[in-house]
Amino acid sequence: MHFDIWVVANDLAAATALSAGLASLGTVTALDLEAFATYQMPIGATILFDVDLEAPRTISVLRTGLKRASGPQAVIAVDARNRRHKVQADALGAAAVIVRPLDRARLLKTLEGVLARTPRPRADASPTPLGAARERSVPAPRLDPRDAAQSVGLAGAVLNRLFDGLMSGRPVDPATVTAAATAVQDSIDRVGLDVWLSAVREQHAGTYQHSLLVTGVASVFAHHLGLDKADRKQIAVAGLLHDIGKVKIPLQILDKPGVLSPAEFHIMKKHPSIGAAYLEAGGGFDPVVIDMVLHHHELLDGSGYPDGLRGDAIDRRTHILTVADIFSALVEERNYKLPMRADLAYRHLVSMASEHKLDPDLVKDFAPVAGEVTVRPLRA
Ligand SMILES: [Fe+2]
Ligand SMILES: [Fe+2]
């Protein structure tokens, strides 16, 4: 029997700290309250809330979120001396309350009690489709694929904050993004790229899915190229961030089947500058990362955007991200197109290299990375 446990706190750092030590119970994912407000909980999830029960917005987020989820078991932390908290937790339908300060042993015991009564735990069969799809020469996952689901959950929650932050003009803490990028890299190291990508496809669609795929593919590519740790981290962080400017692009342009009109393309081409300007304004992001976000659509022959940079004017790390970005976009399913097979997507990169748009040596080095990717239909 395996359980999905979600830990929700006022901020991600607190949720992550609280999650530590709960992994023996199941797959644990940390979320801040804002991410929880927009996140769809899986069926039968158990959710631990350590949030401010005095804030009216918190109560309304919990009420709506718990209604939206199917069969969730909520465990809510309350202050011992505050009777209203207990009433509030009961009104929210808490399966259990736990009194602050939260002590690890008591927390484990309370959660175990609730999990024992959970009527619909997540099906234990979930690793089967992931494992079964790996018929090719890719080695078997070295660890449980649920490891991937956890890092995908965390990175997805961070993306949520990023997109929301750009929409509302709120800055995002760079350390949060770096922590998510590191979690992605560590998880891929453990389970392999293909298993990790499967988890992305299962949990996310659209621009989130794209950003996560690019992060995974670019991280593995950077690793394969033997880049040092600092460069690899910057590439993973930029992978998460590269398309955040798309939040300001109208959906009818973003999701348009077929070729964009010149006027639509003019708008679409603004997304790198919008994203880079947001990161710059927020402060604290590495200038290399901001440059990668700004220039991820530049091509070696100068036909890219926004600055039409050529050849060596494009940072190699940025070009690595570009290769991963193009490949990921091709192998993704979007609501207007089917995924392209990885070998055909790779052939497309080769033809772009022959047109002097991509670096042929880099494309050659990408071959084993493309070979690790099995393309399956979304939600197979
Ligand atoms: Fe882009
Ligand atoms: Fe992209």
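A few comments on the model shown:
- Unique residue being closer than 16 Å to residue 102 by Cα, at pLDDT below 85 and outside the structural domain of residue 183 (by TED's automatic domain parsing) when the list is 16, 29: 16
- Check on residue 168, surrounded by 18 or more Cβ atoms within 10 Å (Cβ to Cβ) and away from ligand 1 (no atom under 16 Å from the Cβ): no
- All positions within the range 233-256 that are within 15 Å of ligand 2 (Cβ to nearest atom) and at pLDDT below 85: 254, 255
- Residue under evaluation residue 332, criteria (1) more than 21 Å from residue 240 (Cα to Cα); (2) acidic (Asp, Glu); (3) within 16 Å of ligand 1 (Cβ to nearest atom), criterion not met: (1)
- Candidate set: the range 301-328, residues that are crowded, with 19+ Cβ neighbours inside 10 Å and either of a type in the set (S, T, N, Q) or not assigned by TED's automatic domain parsing to the domain that holds residue 366 (or both); chosen: the one farthest from ligand 1 (Cβ to nearest atom): 318
- Taken together, the criteria exclude residue 175 from residues that are buried (at least 23 other Cβ atoms within 10 Å of the Cβ) and in the same structural domain as residue 220 (by TED's automatic domain parsing).
- In summary, residue 181 fulfils each of the numbered conditions (1) surrounded by 24 or more Cβ atoms within 10 Å (Cβ to Cβ); (2) at positive phi with the single exception of condition (2).
- Out of 76, 59, sole residue that is of a type in the set (A, V, I, L, M, F, W, C), at pLDDT 85 or above and surrounded by fewer than 22 Cβ atoms within 10 Å (Cβ to Cβ): 59
- If the condition is being away from ligand 1 (no atom under 12 Å from the Cβ) and surrounded by 15 or more Cβ atoms within 10 Å (Cβ to Cβ), then the range 249-260 contributes only 253.
- Looking only at the range 203-215, and only at residues there that are in a helix (DSSP H, G or I) and hydrophobic (A, V, I, L, M, F, W, C), the one that is nearest to residue 287 (Cα to Cα): 214
- Residue match in the range 236-247 (condition: of a type in the set (Asp, Glu), within 16 Å of ligand 1 (Cβ to nearest atom) and assigned to a loop (DSSP other than H, G, I, E, B)): yes
- Every pair of residues 6+ apart whose Cβ atoms lie under 8 Å, when the first sits in the range 358-380 and is among the β-branched types (Val, Ile, Thr) while the second is at pLDDT below 75 and outside any helix (DSSP H, G or I): 374/133; 374/134; 374/136; 374/138
- Selection status of residue 357, assigned by TED's automatic domain parsing to the domain that holds residue 222, in a loop (DSSP other than H, G, I, E, B) and at pLDDT 95 or above: yes
- Tally, over the range 3-29, of residues that are assigned to a strand (DSSP E or B) and within 13 Å of residue 149 (Cβ to Cβ): 6
- Unique match (being surrounded by 19 or more Cβ atoms within 10 Å (Cβ to Cβ), of a type in the set (Gly, Ala, Ser) and in a helix (DSSP H, G or I)) among 218, 230: 218
The values are calculated or read from the model by the stated rules, or taken from the named source; none is laboratory data. Just so it is clear, the model here is predicted, and its values are computed rather than measured. No Cβ is skipped: glycine too gets one built from the backbone with ideal geometry, and neighbour counts run over all protein chains shown.
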